[in-house]
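In what follows, a structure is listed as structure tokens, so that the remarks can point back to it.
The values are calculated or read from the model by the stated rules, or taken from the named source; none is laboratory data. Remember, predicted model here, so these are calculated numbers, not experimental data. Methodologically, a virtual Cβ is constructed for each residue, glycine included, from the backbone with ideal geometry; neighbour enumeration extends over all protein chains shown.
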Amino acid sequence: MQPRDILHPRPEGLYCPPGDFFIDPVRPVDRALITHGHSDHARAGHGHVLATRQTLDIMALRYGEHFAGATQEAGYGKEITVNGVRVSFHPAGHVLGSAQIAVEHGGTRIVASGDYKRAADPTCADFELVPCDVFITEATFGLPVFRHPDAADEIARLLKSADQFPERAHLVGAYALGKAQRVIRLIRDAGYSEPLYIHGALAKLCEYYQAQGIDLGRLEPATVDTGTKGDFAGAIVVGTPSAFADRWARRFPDPVTAFASGWMRIRQRVKQRGVELPLIVSDHSDWDELIETIAATGASEVWVTHGREEALVRWCEMQGIKARPLHLVGYEDEAE
Ligand SMILES: [Zn+2]
């Protein structure tokens with residue numbers, strides 16, 4: 001049996017014919033296995049969803065309790081048989097609950113890694129290396145120019161700026177699931193113990209992270225309607241990037257706009273978004289992490305998806321690893 005007989009792209013997503021299931025389908029299907037809660041991977045309306053407890057919880061928070069006909073929890077490392085195909089979920093180090101999905105059939109093991117990173121992140125379980133025959137990797141930052149700096153150093157620049165400009169509010173744009181909580185946690189780890197102010201769109205997920213034992217310190221709603229401008233002088237406010245593009249943001253005193261994203265490496269994007277303080281903090285692997293991980297899995301074949309596939313495919317071929325782009329549609333990088 002060829003690997004492509006075990007998993008191959010369909011318009012709905014990556015499909016496993018012998019198991020009759022999809023991984024991270026972008027359209028409603030009967031049976032879905034879901035790597036993590038970002039909206040491009042986790043959609044509502046499937047008949048049956050198999051995912052980690054935390055991903056199921058996050059989907060319920062975002063879409064409401066009835067987001068799927070039925071759900072089943074996949075514990076990390078536990079083998080589950082789906083229509084005779086063995087599957088198991090392993091930490092991906094991307095956001096809380098994120099998993100790589102190993103699919104094993106006819107003696108071939110394919111690992112669909114979803115989105116992943118190798119850098120330390122105290123807000124989710126560390127990436128686990130799963131040896132496999134075929135490794136499916138993301139390529140969001142699949143170019144050698146992408147090398148993420150140490151996230152702690154980026155946060156140190158934010159705190160330095162907050163120190164330097166005590167009369168200004170610092171508005172930190174960070175996506176609602178994963179990035180925001182990681183940024184908050186990094187600020188705490190840097191020793192900042194003042195309350196942090198959060199936009200309402202982050203409240204439910206921050207609460208959930210805290211209920212899962214991830215200490216984010218004291219969080220206060222950043223409700224500007226009730227206070228005066230001066231209330232937020234010297235404060236650090238975390239919100240979704242769209243919130244800061246909104247009128248909401250104009251109420252803060254002389255704000256310093258920061259944005260935490262892997263894309264802040266690109267000067268043009270910093271300019272486009274009008275970001276004053278770019279913070280290069282990514283929940284995706286950079287180039288070095290991608291190639292180290294590919295080599296470490298021992299895979300003899302690599303399929304590259306969502307992002308800059310070509311450079312990574314070429315790198316694999318130069319190492320004697322069979323590689324090809326996997327053309328999956330409908331994935332944007334919500335997480336970045
Ligand atoms: Zn993601």
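In the stretch 180-191, the residues that are assigned by TED's automatic domain parsing to the domain that holds D215 form Cβ pairs under 7 Å with partners that are of a type in the set (S, T, Y), at six or more places apart or across chains, as follows: Q181/T123; Q181/Y209; R182/T123; R185/T123. Beta carbons closer than 7 Å, at least 6 apart along the sequence or on distinct chains, pair a first residue in the stretch 88-109 that is of a type in the set (K, R) with a second that is surrounded by fewer than 24 Cβ atoms within 10 Å (Cβ to Cβ) and not in a loop (DSSP other than H, G, I, E, B) for R109/A102.
Residue-level check: of (1) in contact (Cβ under 8 Å) with a residue 24 or more places away in the chain; (2) in a strand (DSSP E or B), R118 misses just (2).
Restricted to helices (runs of 4 or more DSSP H) entirely inside the stretch 252-336, those with at least 3 residues that are out of contact with any Pro (no Cβ under 8 Å at 6 or more places or on another chain) and either closer than 26 Å to D40 by Cα or within 16 Å of the ligand (Cβ to nearest atom) (or both) are 267-272, 287-297. The set of residues from the stretch 38-59 being surrounded by fewer than 17 Cβ atoms within 10 Å (Cβ to Cβ) and away from the ligand (no atom under 16 Å from the Cβ) comprises A44, G45, G47, H48, R53. Would you confirm, using the coordinates I've provided, whether A32 is assigned to a loop (DSSP other than H, G, I, E, B), within 20 Å of I136 (Cβ to Cβ) and either in contact (Cβ under 8 Å) with a residue 12 or more places away in the chain or within 15 Å of the ligand (Cβ to nearest atom) (or both)? Here the answer is no, as A32 does not meet what is asked.
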